[in-house]
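The values are calculated or read from the model by the stated rules, or taken from the named source; none is laboratory data. Not measured: the values here are computed from a predicted model. FYI the Cβ positions are ideal-geometry reconstructions off the backbone, even for glycines, and counts take in every protein chain you see.
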There are 2 protein chains.
Amino acid sequence: MVPTFVPSDAHVDSGDDEREVRSPTAETLMEAALVLFAARGYAGTSVRAITEAAGANLAAVTYHFGSKEALFEAVLASILVPVGREIRQAHQGPGSPLERIRSVVAALLRYMGRQPEYPRLMLQQLSSTGLPHPVVRRTISGSLGRLRSLVEEGQRDGTIRPGDPTLMAVSLMSQPVHMSVVARPLQEIAGIPGEADALIDRMAEHAAEFAVRALEAREETNA
Amino acid sequence: MVPTFVPSDAHVDSGDDEREVRSPTAETLMEAALVLFAARGYAGTSVRAITEAAGANLAAVTYHFGSKEALFEAVLASILVPVGREIRQAHQGPGSPLERIRSVVAALLRYMGRQPEYPRLMLQQLSSTGLPHPVVRRTISGSLGRLRSLVEEGQRDGTIRPGDPTLMAVSLMSQPVHMSVVARPLQEIAGIPGEADALIDRMAEHAAEFAVRALEAREETNA
DNA sequence: CCCCTATTCATACAAACGTTTGAATTAACT
DNA sequence: AGTTAATTCAAACGTTTGTATGAATAGGGG
């Protein structure tokens, strides 16, 4: 059964920057679990596989996290914090709305492209039925909100064309998430040569340009 | 274990349009399996869940398909054929390259948005590590090739701006796949009101416009 | 009616699953 | 050295997993 999410409101998030303190074993377990969950999914990853990869005892997951599902949630939360931060930073940067949108898209793609486990886990959540885990939902909803506000700002000062700001934000978000995930298989499928990191950089440039072009207001419309 | 794909070259595909003939039970199994695989993933779906949903005996999967994995491959192949056909039709339609790109994006999004299992299964394949199943790879590679050739055609006649046609094709493809999958969760996350089908239609319009704007050559560049 | 092939069915199997248990080990403090 | 708490460990628990088996049930031609 896929982890479902009884509200479990016993959880603090107000400060958005708590330093979770964990034993070394717990850290190692989370690192191993991240890789395996991203590669094979939640149901496809056994507790035994995780503990073996981490060099820990089979009972370590139950002892340190309580259950496999709790470990999964901890992993999910741990990766979404930096993703949210990445977007927040680029969002608060200098420049016009369009320029900031460009840097959000490029930065996000570069970040995720180098940690492919992150977007993979996000996509796994999105592509199952039922609502994604609340921690995923919160991050996505926050990031979409920031992107939408950038779009609206640009629409107000006339540099961004009219259109539904929410859908525009979704399109912006889909580029980094989708492309960072397909980058690796794409090298084989489409026969793209070269180093993986170089491809990510090219993709970041491309996606940012693609996004800006799609949004900017024409200088010479029929007005 | 996620289905891996020993080449298994004993498989005919030349004609691209074989009418697979199956018993009614096999058909029912595939329909039930499609829904469950898309909802919970391969590892998260048990043979018992499939046969129960199909109203068939537990042994039916082994008898009709040989194994759970073979059933999965049959399901995968069955959904990718119509997806490939959808793209091929829009690709061969009338109009300029940009207009045909617009209708590929819109048609694909409308099609997938109404059969969410299709893009879900595709994304599941893409978001695991390791190469996707060959049948997925072939469809994606074919579709990307068609999109890329449209882009190149438009670049030749000057209606599409310069840029890497392969990356452009990937961006085009990512819009329908990604948006059709996130449509449902997005209604809750972003609080989009209205009927699901109406949202799909709005998304199709939006994504097509987004794509065309991103690609078209400016009439008034500094040339 | 009988035989033959195709399909369904209940049941069984070994393997893998997440979790529990209680003893062994480690580390810190008195 | 002695006490206590935290952690690790090997083993076992009861389920659930995918697949195999052999008997039961059809449905046509002879």
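Entry remark, segment A:174-194: residues being more than 8 Å from chain B (Cβ to nearest Cβ) and either touching a Phe, Trp or Tyr at 6+ places or on another chain (Cβ under 7 Å) or without any contact (Cβ under 8 Å) to a residue 60 or more places away in the chain (or both) number 4 in total.
Picking from residues in segment B:81-109 that are aliphatic (A, V, I, L, M) and modelled with pLDDT of 90 or more, the one that is farthest from DNA strand D (Cβ to nearest atom) is B:Leu98.
Search segment A:195-210 for residues being of a type in the set (Gly, Ala, Ser) and closer than 14 Å to A:Leu172 by Cβ, and hand back the single one that is nearest to the other protein chains (Cβ to nearest Cβ). Give the steps one after another, and end with the answer.
As a first pass, look at segment A:195-210 and keep what is of a type in the set (Gly, Ala, Ser): A:196, A:198, A:204, A:207-208.
Subset that is closer than 14 Å to A:Leu172 by Cβ: A:204, A:207-208.
On the way: A:Ala204: 10, A:Ala207: 7, A:Ala208: 11 Å.
If we take residues in segment A:195-210 being of a type in the set (Gly, Ala, Ser) and closer than 14 Å to A:Leu172 by Cβ, then A:Ala207 is nearest to the other protein chains (Cβ to nearest Cβ).
Can you confirm whether B:Glu219 is free of Cβ contacts under 8 Å to residues at least 24 places away in the same chain, surrounded by fewer than 16 Cβ atoms within 10 Å (Cβ to Cβ) and under 15 Å from A:Val170 (Cα atoms)? So B:Glu219 does not fit the description; no. With respect to B:Ile189, is the statement that it is within 12 Å of the chain's Cα centre (by Cα) and either part of a loop (DSSP other than H, G, I, E, B) or at pLDDT below 90 (or both) true? Against the criterion (within 12 Å of the chain's Cα centre (by Cα) and either part of a loop (DSSP other than H, G, I, E, B) or at pLDDT below 90 (or both)), B:Ile189 does not qualify. Within segment B:50-60, the residues that satisfy the criterion of being more than 10 Å from DNA strand C (Cβ to nearest atom) and surrounded by 15 or more Cβ atoms within 10 Å (Cβ to Cβ) are B:Ile50, B:Ala53. Within this structure, A:Val177 fails the test of being buried (at least 21 other Cβ atoms within 10 Å of the Cβ) and farther than 17 Å from B:Ser180 by Cα. Do we have any residue at all in segment A:214-223 that's modelled with pLDDT of 95 or more, under 18 Å from the mean Cα position of the chain (by Cα) and assigned to a helix (DSSP H, G or I)? No, segment A:214-223 contains no residue that is modelled with pLDDT of 95 or more, under 18 Å from the mean Cα position of the chain (by Cα) and assigned to a helix (DSSP H, G or I). Here B:Pro3 fulfils each of the conditions (1) in contact with an Asp or Glu (Cβ under 6 Å, 6 or more places away or on another chain); (2) more than 16 Å from DNA strand C (Cβ to nearest atom); (3) modelled with pLDDT under 95; (4) not hydroxyl-bearing (Ser, Thr, Tyr) apart from (2). Evaluating A:Thr45 against the criteria (1) under 21 Å from A:Leu123 (Cβ atoms); (2) assigned to a helix (DSSP H, G or I); (3) among the polar types (S, T, N, Q); (4) within 8 Å of DNA strand C (Cβ to nearest atom) leaves one unmet condition, (2).
Report those helices (runs of 4 or more DSSP H) wholly inside segment B:53-130 carrying at least 3 residues which are within 14 Å of chain A (Cβ to nearest Cβ).
Details: elements: B:60-65, B:68-92, B:97-114, B:117-126.
Output list reads B:68-92, B:97-114, B:117-126.
All of (1) touching a helix residue (DSSP H, G or I) at 6+ places or on another chain (Cβ under 6 Å); (2) in contact (Cβ under 8 Å) with a residue 24 or more places away in the chain; (3) surrounded by fewer than 22 Cβ atoms within 10 Å (Cβ to Cβ) hold for B:Arg114 with one exception: (1). Apart from one condition, A:Ala208 fits all of (1) within 27 Å of B:Thr139 (Cβ to Cβ); (2) under 18 Å from the mean Cα position of the chain (by Cα); the exception is (1).
Listed conditions (1) in a loop (DSSP other than H, G, I, E, B); (2) surrounded by 17 or more Cβ atoms within 10 Å (Cβ to Cβ) are all met by A:Ala33, apart from (1).
Return yes when A:Gly142 is within 23 Å of A:Ala211 (Cα to Cα), more than 8 Å from every other protein chain (Cβ to nearest Cβ), part of a loop (DSSP other than H, G, I, E, B) and not acidic (Asp, Glu) and no when it is not. Outline the logic, then answer.
Details: within 23 Å of A:Ala211 (Cα to Cα): yes; more than 8 Å from every other protein chain (Cβ to nearest Cβ): yes; part of a loop (DSSP other than H, G, I, E, B): no; not acidic (Asp, Glu): yes.
For A:Gly142, the condition - within 23 Å of A:Ala211 (Cα to Cα), more than 8 Å from every other protein chain (Cβ to nearest Cβ), part of a loop (DSSP other than H, G, I, E, B) and not acidic (Asp, Glu) - is not met.
Scanning segment A:155-172 for residues that are within 9 Å of chain B (Cβ to nearest Cβ) and surrounded by fewer than 24 Cβ atoms within 10 Å (Cβ to Cβ) gives A:Arg161, A:Gly163, A:Asp164, A:Thr166, A:Leu167, A:Ala169. Remark: pairs (first residue in segment A:59-77, more than 11 Å from DNA strand D (Cβ to nearest atom); second residue assigned to a loop (DSSP other than H, G, I, E, B) and modelled with pLDDT under 95; Cβ separation under 6 Å; 6+ apart in sequence or on different chains) = A:Glu69/A:Pro3; A:Phe72/A:Pro3; A:Leu76/A:His133.
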